[in-house]
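The values are calculated or read from the model by the stated rules, or taken from the named source; none is laboratory data. If you're wondering where the values come from, they're calculated on a predicted model, not measured in any experiment. A quick note on method: Cβ atoms are made from the backbone with ideal geometry, for glycine too, and the neighbour counts reach across all protein chains shown.
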Amino acid sequence: MTTTGPRQTRDGSAGTAYGVSVFAGVLLATLGSFQVLQGVAAVLEDDIFVTGLAYTYEIDLTTWGWVTMLLGAVGLAVGIGILKGQSWAASAGIGFAVLSAVGQFAFMPYYPFWAALIIALDVLVIWALAQQIAPARGAA
């Protein structure tokens, strides 16, 4: 009988769950890093973002840059927590991804393509972390 490794069972489900967890952690840390950079750009160079039509959720870009940097730092920390296997990190990751998606929706008029891309990646993170949490709750 051969062993398949400490993280995999015969049907491969534990290995798949571990792979989804790593994917979600890396993607979340990457999104957090992107948001930190986006916040720095908003704080340092307000003219890099185009102000288009009047928008209901119009915001001051400098203030929004600081909020985005803070959210990005939290996302980076949560992504690292997921990669380290912290039990709190998966739920916090879903919460961060929801906040990030809502925040990017408010940022939509300033950089629509980027905001839509980040929202799509946030949805992907939510899906991946929900895949990780669902089997654990069903087994308990």
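Considering segment 95-113 alone, what residues qualify as being closer than 18 Å to T62 by Cβ and part of a helix (DSSP H, G or I)?
Passing the criteria: G103, Q104, A106, F107.
Checking L83 against (1) free of Cβ contacts under 8 Å to residues at least 60 places away in the same chain; (2) more than 22 Å from G39 (Cα to Cα); (3) among the aliphatic types (A, V, I, L, M): exactly one of these is not met. Which one?
Condition not satisfied by L83: (1).
Out of all the residues in segment 112-133, which are buried (at least 19 other Cβ atoms within 10 Å of the Cβ) and over 30 Å from Y18 (Cβ atoms)?
Scanning segment 112-133 gives a single hit, A115.
Any residue at all in segment 5-15 that is at pLDDT below 90, closer than 17 Å to A130 by Cα and surrounded by 13 or more Cβ atoms within 10 Å (Cβ to Cβ)? Spell out the reasoning first.
The initial filter retains those residues of segment 5-15 that are at pLDDT below 90, namely 5-15.
Still in the list and also closer than 17 Å to A130 by Cα: 13-15.
The next check asks that each one be surrounded by 13 or more Cβ atoms within 10 Å (Cβ to Cβ); those that pass are 14-15.
Among the residues of segment 5-15, at least one is at pLDDT below 90, closer than 17 Å to A130 by Cα and surrounded by 13 or more Cβ atoms within 10 Å (Cβ to Cβ), which makes the answer yes.
Select from segment 18-35 the residues that are aliphatic (A, V, I, L, M) and surrounded by fewer than 17 Cβ atoms within 10 Å (Cβ to Cβ) and write down the one among them that is modelled with the highest pLDDT.
Within segment 18-35, the match that is modelled with the highest pLDDT is V26.
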